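Below you'll find the structure, written out as structure tokens, and then a few comments.
The values are calculated or read from the model by the stated rules, or taken from the named source; none is laboratory data. Everything numeric in this text was worked out from a predicted model, so none of it was measured. Cβ placement follows ideal geometry from the backbone for every residue including glycine, while neighbour counts extend to all protein chains displayed. The area values use the complete protein model at the heavy-atom level, side chains included, leaving out ligands, DNA and RNA. Shrake-Rupley method; radii C 1.70, N 1.55, O 1.52, S 1.80 Å.
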Amino acid sequence: MQSRLGRAVMLALCCAIGVSAAAAPSKRAKPADPLEPARAALRTLQFGKAVALLTAAGHSGNADADYLLGLMYLNGVGVDPDPKRGRELVRAAADKGKGAAAYVLAGELARDPDSAPEASRQWLERSAQDGYYRAVDALKSGKPLLDRESVGATDPSLLTPWVMDCVRRNDAAELRRLGPVSAAQRDEFGRSALSHAVEAGSLAAATVLLELGADARAPDQAGVTALMIAAERPAREMVELLLAHGADVQALDVEKRTALFYAARANRVPNIQLLQRAGAVLDAKDSRGYNALDAALGVGADESITELRSFGMRANRVVVDAGRQSGKFDPAHPGDIYRGWPPLALAVSRNDTATVQQLLGAGASANSRVPQGDTLLQIAADSRALPCLALLLAHGADAAAGDHAGHSALWLAASRDDLAVVRALLQGGVRPDVHAAGEQTPLLAALRTKHSDVTAALLAAGANVEATDAEGRTPLMWASAAGEAGLVKSLIERHAQIDAEDHEHRTALLYAAAAGSLESVESLLGAGAIAKRADGVGITVLHAAASQANPGVLAPLLAAEPGVNRRDARGDTALLIAAATGHDELVKALLERKPDLDLQNDAGDTALIAASRGGYATICRLLTAAGANKSLRNASGISAADVAKGRGFDALAKTLVGKG
């Protein structure tokens, strides 16, 4: 098998040959594609430009332009869906002899209740006369026409932009409808749909792409992986998702930089922590011999610098920020930046308790700062100078004061899982809820990063269990979402409000159900949690439980919330959600409650149609055995058998043909 580098060299060689051939005129050279500028605009997601170019080409009589633009409007690819405009364009292409367009038009008319019965057949026959193979096959076999989305997905000029547009809009449902082909799409630079989802911050889209088989380890032509892109962005949830799906923390880009370099330069401390816990090599060097700490020093990423130094990292090369070069350099710390630091700060950084005591006794302020803006408390915490930290607190250091980034010492220690510093601060008299303006409480910081020992220490010190974050989430909600059953019990024992709602009207029970934590669900129900509530978009605890994989969670929820047929804002039931996500055991558990099998959501999908779209044969068998109607069609006029056939699940499609 060729190495990745070998394939890249071969690709470059082929490109060079192609350029040479183009430079030398040849009698056999193919004529230039008049639609190539429009196709290029589509590849780069410049949809407005593509529409303008295709419109102009269509006015000049180009049937391919009309057809491609018609598919865009029919499917809403880069434009607002406009079925009427789409049909007009497709018909124009069909009138110019485009067989594929006549086939699409036949399918559109077949699903239009206001269309004359013979109209669809006439266009199908015309498509066959134009030589379009799908129409010929449909006339011979009598099989149903492909649904609109499948027809669009067969056009190579449209499929990749379609997928990338869905990713950009975080349209997970559309990606799931397109199926595994969406996970395989790459742009002209080799960047995958998954990488585009990460870059756009489209968490739902990234989740679906991974479910559909996207490779979390795949690099683009520059060696950049989705994890590297995620590492330099603020949402740690994306990094967690990729690591859970096997992303390689040691992968190198063409400059030999790992994801840790990207996180360090972007000053993303939570991502640095995740990568470090996932086994990232801390002393890895790039092509210039720099490590991640050097990368952070080079751009002045102060929080990254502090965090990486807390792991024991040392700079390989000294990078000095010109803005900090003032005052006397401390020779006791070669390679570090201590210019302009007052004597007390230098003594604290060395954990020189005698000098610190002497200077404080002589009137030095425990609340002074270094030129970079950090407090002495933070200097002590970063240097692990715990005896000096105690001295500073004893002399009136303000624990609520923020460092240069606005973070207090206790908040930083809690977010970094630095139990020793947390304990030292608490023992020094710092209240467990002290935080700088604009920060969450230290308890919430610890919960976000799943630092159980720090959380326990803060709770033991009396931290407020009703504090909320910017989204209105309480510690109990965070613990429930993380599946931390022991912590859930502890918070309940501390009289946390069981049914408090966040800004989306979600409760701790809904979070526990979505996490699949049976023990947490049972604890909350046992404490009196109300199961019959729905969040702001109609999602109930049953909907939440149906979206995860643990069937055991359903039993206590079904006993507490018998409304198995309740719909969310999109009309989905718990059964439809479980069927769409391929969870066999959840479907079995829900079927025992005798739900309405044929309820349709806003798109007209039933549980059977949803299961057929994913090719979930076992679930389809369970549903049909329970009496699901195979003949029902969704809003696009598509049955479960049609969907399975359009997705390439031929064997499944055969089992879904027929009545009943």
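Every residue, every condition in (1) of a type in the set (D, E, K, R); (2) open to solvent by less than 30 Å² (accessible area, probe 1.4 Å); (3) modelled with pLDDT under 95, yes or no:
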{"residue": "A400", "(1), (2), (3)": "no, no, yes"}
{"residue": "A405", "(1), (2), (3)": "no, no, yes"}
{"residue": "A413", "(1), (2), (3)": "no, yes, yes"}
{"residue": "V421", "(1), (2), (3)": "no, yes, yes"}
{"residue": "R431", "(1), (2), (3)": "yes, no, no"}
{"residue": "L443", "(1), (2), (3)": "no, yes, yes"}
{"residue": "T455", "(1), (2), (3)": "no, yes, yes"}
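Of E471, E561, all but one fail to be acidic (D, E) and more than 30 Å from L419 (Cβ to Cβ); the exception is E561.
If the requirement is being in a helix (DSSP H, G or I), closer than 19 Å to A63 by Cα and within 40 Å of the chain's Cα centre (by Cα), which of these qualifies: A128, A93? A93 is the lone residue from the list that is in a helix (DSSP H, G or I), closer than 19 Å to A63 by Cα and within 40 Å of the chain's Cα centre (by Cα). Name the residues in the range 585-602 that are in contact with a Lys or Arg (Cβ under 8 Å, 6 or more places away or on another chain) and surrounded by fewer than 20 Cβ atoms within 10 Å (Cβ to Cβ), would you? Selection gives L599, D602.
Does L74 satisfy the criteria of being assigned to a helix (DSSP H, G or I), under 23 Å from E125 (Cα atoms), open to solvent by less than 30 Å² (accessible area, probe 1.4 Å) and at pLDDT below 85? Yes.
If we only count helices (runs of 4 or more DSSP H) wholly inside the range 443-527, which ones have 1 or more residues that are among the charged types (D, E, K, R)? Filter on the range 443-527 gives 452-460, 485-493, 518-526. Anything in the range 52-71 that is part of a loop (DSSP other than H, G, I, E, B) and either in contact with a Gly (Cβ under 8 Å, 6 or more places away or on another chain) or under 19 Å from W123 (Cα atoms) (or both)? List them, or say none. Of everything in the range 52-71, nothing turns out to be part of a loop (DSSP other than H, G, I, E, B) and either in contact with a Gly (Cβ under 8 Å, 6 or more places away or on another chain) or under 19 Å from W123 (Cα atoms) (or both). All of V348, V356 fail the test of being under 26 Å from S415 (Cα atoms), among the hydrophobic types (A, V, I, L, M, F, W, C), modelled with pLDDT of 50 or more and buried (at least 17 other Cβ atoms within 10 Å of the Cβ), apart from V348. Has the range 284-292 got at least one residue that is in a loop (DSSP other than H, G, I, E, B), under 14 Å from A231 (Cα atoms) and of a type outside the set (F, W, Y)? No, the conditions are met nowhere in the range 284-292. Exactly one residue among A617, A527, A531 is modelled with pLDDT of 90 or more and closer than 26 Å to S631 by Cα, and that residue is A617.
For A545, the conditions (1) hydrophobic (A, V, I, L, M, F, W, C); (2) open to solvent by less than 10 Å² (accessible area, probe 1.4 Å); (3) within 18 Å of Q600 (Cβ to Cβ) are fulfilled apart from (3).
The residue list A205, A183, A173, A216 contains one member that is under 20 Å from G614 (Cα atoms), small (G, A, S) and open to solvent by less than 10 Å² (accessible area, probe 1.4 Å), which is A205. Residues satisfying the criterion are absent from the range 635-645 (criterion: open to solvent by less than 40 Å² (accessible area, probe 1.4 Å), within 30 Å of E504 (Cβ to Cβ) and either of a type outside the set (A, V, I, L, M, F, W, C) or over 25 Å from the mean Cα position of the chain (by Cα) (or both)).
Yes/no per residue for (1) in contact with a Lys or Arg (Cβ under 6 Å, 6 or more places away or on another chain); (2) surrounded by 19 or more Cβ atoms within 10 Å (Cβ to Cβ); (3) among the hydrophobic types (A, V, I, L, M, F, W, C):
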site: T225; (1), (2), (3): no, yes, no
site: A235; (1), (2), (3): no, no, yes
site: M238; (1), (2), (3): no, yes, yes
site: Y262; (1), (2), (3): no, yes, no
site: L275; (1), (2), (3): no, yes, yes
site: G279; (1), (2), (3): no, no, no
site: A284; (1), (2), (3): no, no, yes
site: R288; (1), (2), (3): no, no, no
site: G298; (1), (2), (3): no, no, no
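When T540 is tested against (1) open to solvent by less than 50 Å² (accessible area, probe 1.4 Å); (2) of a type in the set (S, T, Y); (3) under 30 Å from K645 (Cα atoms), exactly one condition is not met: (3). Return yes or no: is A405 touching a helix residue (DSSP H, G or I) at 6+ places or on another chain (Cβ under 6 Å), outside any helix (DSSP H, G or I) and under 18 Å from R369 (Cβ atoms)? For A405, the condition - touching a helix residue (DSSP H, G or I) at 6+ places or on another chain (Cβ under 6 Å), outside any helix (DSSP H, G or I) and under 18 Å from R369 (Cβ atoms) - is met. Just one of the numbered conditions (1) without any contact (Cβ under 8 Å) to a residue 24 or more places away in the chain; (2) assigned to a helix (DSSP H, G or I) is not true of R314: (2). Whether a residue is at pLDDT below 85 and surrounded by fewer than 23 Cβ atoms within 10 Å (Cβ to Cβ) was assessed, and A315 passes this test.
Checking E307 against (1) surrounded by fewer than 16 Cβ atoms within 10 Å (Cβ to Cβ); (2) touching a helix residue (DSSP H, G or I) at 6+ places or on another chain (Cβ under 7 Å): exactly one of these is not met. Which one? So the condition that E307 fails would be (1).
The number of residues in the range 214-235 being out of contact with any strand residue (DSSP E or B) (no Cβ under 8 Å at 6 or more places or on another chain) and either at pLDDT below 90 or among the acidic types (D, E) (or both) comes to 7.
Here is the figure for the range 358-400: residues that are in a loop (DSSP other than H, G, I, E, B), within 23 Å of R423 (Cα to Cα), under 36 Å from the mean Cα position of the chain (by Cα) and not hydrophobic (A, V, I, L, M, F, W, C) total 3.
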